[in-house]
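The values are calculated or read from the model by the stated rules, or taken from the named source; none is laboratory data. The structure presented is a predicted model; accordingly, all values stated were derived computationally and were not measured. Cβ sites come from the backbone with ideal geometry, for glycine too, and all protein chains shown count toward neighbours. When the accessible area is computed, the model is the full protein with side chains, heavy atoms only, and any ligands, DNA or RNA have been set aside. Shrake-Rupley method; radii C 1.70, N 1.55, O 1.52, S 1.80 Å.
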Amino acid sequence: MSKPIVFCVIGTRPEAIKVAPVMLEFQKFSDVCQPMLISTGQHKEILYRSLETFGLKPDEDLEIMQHGSSLAQVTSRALEGLDSLIVKHNPAFVLGQGDTTTAMVAAMDAFYRNVPFGHIEAGLRTETVRNPFPEEYNRRVCAVSADLHLPPTDWSRDNLLKENRDPSTIFVTGNTGIDAVLLAAEQKDQPWYPEFTGRVVLLTTHRRENWGEPQRQIATAAKRLVEAFPDIMLVAALHPNPMVRDVLVPILGGNDRIKLIEPPEYSLFVKLMQRSVLILSDSGGVQEEAPAFGIPVLVLRDTTERPEGVTAGTAKLVGTDEERIFQEGSRLLGDETAYKAMANAVSPYGDGKASERVRFLVLKALGVTTQEVKMWE
Ligand code: UDP
């Protein structure tokens, strides 16, 4: 009998990173299932570069992205493409991750084709469906389609229960991003800035709602921190999007203690996080990963669907106001007690075994029996 095919659908960098350890986990069980890594191609280079860390390549790539595409165009191209792959390969299960257009399309198409859908990193919520845009909408659509909800934490599980999702379909797994970051940290890479003896502050910002004026304020605050603390070097890993670069580069360029770098391949980025004393970021993934190494994160957003880190004290929401970012950054860089309180807070996002749990639950849903013991029940 042929082995059941499991589609692991990705489209963007964060999905590639968070699905990679799940894919590796399924590969260990290739005697009983056939995992396939399916990319819509919503991101190109940065997706492939992230997968390199894990020695993975997509089995299929729809390459849907065209310059200047609207969300509707991305959605319709991805939906049509994925649908043709479901017809071609006849998967027994479709897995999607997170909150991208790709994840939403995977959920929709699995529903249309009556294939069970599992949602990794389910249950994250903000209060308004329009923020973050369009991610909050996407993840809510994923929840409507999902037969298996795989929330990372108790808080995200509770959000699903509040929406009256069937409790027997919800399993807290931890975040597969923690599995990814721990795998990446094991790899041997060149150290960053070995000659520099001062402190490194890392900046990443890419979110759509921060384009324009908010990013101008973020960049100005970061530059002020460099000017205020002579032992600081700021490293800005620039997102490829020109909307971001056009604002950041003129403000941050031309300063000896500011490095503007291309987004590093994942394991190098993880090493760069570990080299940093403080991270300023609007990234969801970075908020989850940095606490695994005890690095405080100032979150450059007004809302977060990841309040667990804020509650645990590993992250602080500071918004995008220049003065606020500067004040909060100065406090952490100048006050050891405040710094240690954040650095010593315990990461709430998982123990590095989330992918095993995901794989176990999917195989169980498919009726595939393996010899292993259920280690977490
Ligand atoms: N990341 C990376 N290189 C970079 C910046 C980020 O590999 O230059 C990784 C980061 O560690 C995290 C993921 O990309 O795992 C986050 O992606 P992004 O910030 O694009 O998306 P979000 O997490 O906000 O959805």
Across segment 346-362, the tally of residues that are under 16 Å from the mean Cα position of the chain (by Cα) and either of a type outside the set (A, V, I, L, M) or surrounded by fewer than 24 Cβ atoms within 10 Å (Cβ to Cβ) (or both) stands at 6
Only one of (1) within 16 Å of the chain's Cα centre (by Cα); (2) of a type in the set (A, V, I, L, M, F, W, C); (3) open to solvent by 40 Å² or more (accessible area, probe 1.4 Å) does not apply to Ala315, and that is (3)
Residue pairs qualifying under the 9 Å Cβ cut-off, at least six apart or on distinct chains, with the first in segment 243-257 being among the polar types (S, T, N, Q) and the second being modelled with pLDDT under 95 and open to solvent by 30 Å² or more (accessible area, probe 1.4 Å), are none
Restricted to segment 253-269 and to residues being modelled with pLDDT of 95 or more and in contact with a Pro (Cβ under 9 Å, 6 or more places away or on another chain), the residue farthest from the ligand (Cβ to nearest atom) is Arg257
Matching residues in segment 1-37 (touching a residue at least 40 places away in the same chain (Cβ under 8 Å) and among the hydroxyl-bearing types (Ser, Thr, Tyr)) number 1
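Return yes when Thr370 is open to solvent by 20 Å² or more (accessible area, probe 1.4 Å) and part of a helix (DSSP H, G or I) and no when it is not.
Numbers: open to solvent by 20 Å² or more (accessible area, probe 1.4 Å): yes; part of a helix (DSSP H, G or I): no.
So Thr370 fails the test.
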Residue pairs within 6 Å by beta carbon, gap of at least six or interchain, first lying in segment 183-212 and more than 26 Å from Leu248 (Cα to Cα), second assigned to a loop (DSSP other than H, G, I, E, B) and within 15 Å of the ligand (Cβ to nearest atom), listed first then second, are Ala184/Thr53
When Thr128 is run through (1) within 16 Å of the ligand (Cβ to nearest atom); (2) of a type in the set (S, T, N, Q); (3) open to solvent by 50 Å² or more (accessible area, probe 1.4 Å), the failure sits at (1)
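Could you pull out the residue among Ala221, Ala185 that is open to solvent by less than 10 Å² (accessible area, probe 1.4 Å) and either aliphatic (A, V, I, L, M) or not in a helix (DSSP H, G or I) (or both)?
Working: Ala185 fails: open to solvent by less than 10 Å² (accessible area, probe 1.4 Å).
The unique qualifying residue is Ala221.
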Condition set open to solvent by less than 10 Å² (accessible area, probe 1.4 Å) and in a strand (DSSP E or B), scope segment 1-51, selection nearest to the ligand (Cβ to nearest atom): answer is Ile10
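State the number of residues belonging to segment 156-173 that are open to solvent by 10 Å² or more (accessible area, probe 1.4 Å) and within 29 Å of Phe293 (Cα to Cα).
Start the filter on segment 156-173 by keeping residues that are open to solvent by 10 Å² or more (accessible area, probe 1.4 Å), which leaves 157-159, 161-172.
When the remaining residues are screened for being within 29 Å of Phe293 (Cα to Cα), the result is 157-159, 170-172.
So the count comes out to 6.
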Any residue at all in segment 252-270 that is crowded, with 23+ Cβ neighbours inside 10 Å, in a loop (DSSP other than H, G, I, E, B) and in contact with a helix residue (DSSP H, G or I) (Cβ under 9 Å, 6 or more places away or on another chain)?
no
Would you confirm whether any residue within segment 72-81 is open to solvent by less than 60 Å² (accessible area, probe 1.4 Å), in contact with a Cys (Cβ under 9 Å, 6 or more places away or on another chain), closer than 23 Å to Gln34 by Cβ and in the same structural domain as Glu163 (by TED's automatic domain parsing)?
no
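Looking at Ala185, Ala106 in this structure, which one is closer than 22 Å to Leu361 by Cα, modelled with pLDDT of 95 or more and either assigned by TED's automatic domain parsing to the domain that holds Pro230 or of a type in the set (Gly, Ala, Ser) (or both)?
Numbers: Ala185 fails: closer than 22 Å to Leu361 by Cα.
After applying the criteria, what remains is Ala106.
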By residue number, the members of segment 57-69 that are out of contact with any strand residue (DSSP E or B) (no Cβ under 6 Å at 6 or more places or on another chain) and either open to solvent by less than 40 Å² (accessible area, probe 1.4 Å) or modelled with pLDDT under 95 (or both) are Ile64, Met65, Gln66, His67, Gly68, Ser69
Flagged in segment 325-345 as surrounded by 13 or more Cβ atoms within 10 Å (Cβ to Cβ) and in contact (Cβ under 8 Å) with a residue 24 or more places away in the chain, in numbering order, are Ile325, Phe326, Glu328, Gly329, Ser330, Leu332, Leu333, Tyr339, Ala341, Met342, Ala343, Ala345
Exception for Val310 within (1) buried (at least 18 other Cβ atoms within 10 Å of the Cβ); (2) more than 26 Å from Lys44 (Cα to Cα); (3) within 16 Å of the ligand (Cβ to nearest atom) falls at (1)
Practice item. Determine, yes or no, whether Arg245 is within 21 Å of Ser50 (Cβ to Cβ) and open to solvent by 10 Å² or more (accessible area, probe 1.4 Å). Key: yes
When segment 331-345 is checked residue by residue, the ones that are more than 13 Å from Val277 (Cβ to Cβ) and touching a helix residue (DSSP H, G or I) at 6+ places or on another chain (Cβ under 6 Å) are Arg331, Ala345
